[in-house]
Amino acid sequence: MSDCIFCKIINGDIPSMKVYEDEHVLAFLDISQVTKGHTLLIPKVHKENIYELTPETASHLFSVAPKIANALKSEFEPIGFNLLNNTGEEAGQSVFHFHMHFIPRYGSGDGFG
Ligand code: 5GP
Ligand code: ZN
């Protein structure tokens with residue numbers, strides 16, 4: 001989609017700090033990290049939200065999730081993670097290209113939750 005920020009990141013029109021990439025998905029650091037290493041995982045195909053994901057796309061996203069968590073664990077040494085998706089404005093979604101947040105946790109006072 002031409003006016004989608006995340007499609008522009010996939011196309012390289014907007015720069016990003018890549019954490020992981022393959023044919024189907026891209027993971028990159030959030031521009032406004034709620035904790036150190038906050039990362040977004042997105043499908044390369046434009047799907048607005050969880051309702052629109054095909055089982056194949058959902059399956060691929062989850063199949064790479066452990067790789068991303070392990071890469072972030074090695075790099076940032078968190079003591080835990082929150083994985084979350086916001087679907088719908090009322091749930092806090094602000095970019096309407098499906099994404100999963102990987103939020104590394106560092107203990108109370110880390111700024112999230
Ligand atoms: P949502 O609120 O839709 O669940 O999450 C959208 C996320 O995208 C936010 O955490 C926001 O900081 C991030 N974001 C928005 N625009 C950009 C951008 O241009 N680059 C990057 N790396 N992250 C972005
Ligand atoms: Zn998009």
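Quick note: the coordinates plus some simple rules give every number you see, no bench work behind them. Bear in mind that the values here come from a model prediction, so they are computed numbers and not experimental data. Reconstructed Cβ throughout: ideal geometry from the backbone, glycine too, with neighbour counts over all protein chains shown.
Here are the numbers for this structure:
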{"read-out": "Rounded, prolate or oblate (a/c below 1.5 giving rounded, otherwise prolate when a/b exceeds b/c) for region 51-113 by Cα gyration tensor", "value": "oblate"}
{"read-out": "Angle in degrees between helix 55-76 and the longest Cα principal axis of the chain, rounded to the nearest 10", "value": "30 degrees"}
{"read-out": "Neighbour-count order for I14, I42, I79, fewest beta carbons within 10 angstrom listed first", "value": "I79, I14, I42"}
{"read-out": "Loop GluC sites (Glu not before Pro), region 19-113 (other Cβ atoms within 10 Å of the site Cβ: 10 or fewer; DSSP)", "value": "E23"}
{"read-out": "Spread of Cα-to-Cα distances over 10 Å intervals beginning at zero, given as percent, for the chain", "value": "14, 48, 33, 5, 0"}
{"read-out": "Estimated [θ] at 222 nm from DSSP helical runs (n ≥ 4, -39500 (n - 2.57)) normalised by residues in the chain, nearest 500", "value": "-8500 deg cm²/dmol"}
{"read-out": "Convex hull volume per residue in cubic angstrom - Cα atoms of region 7-70", "value": "93 Å³"}
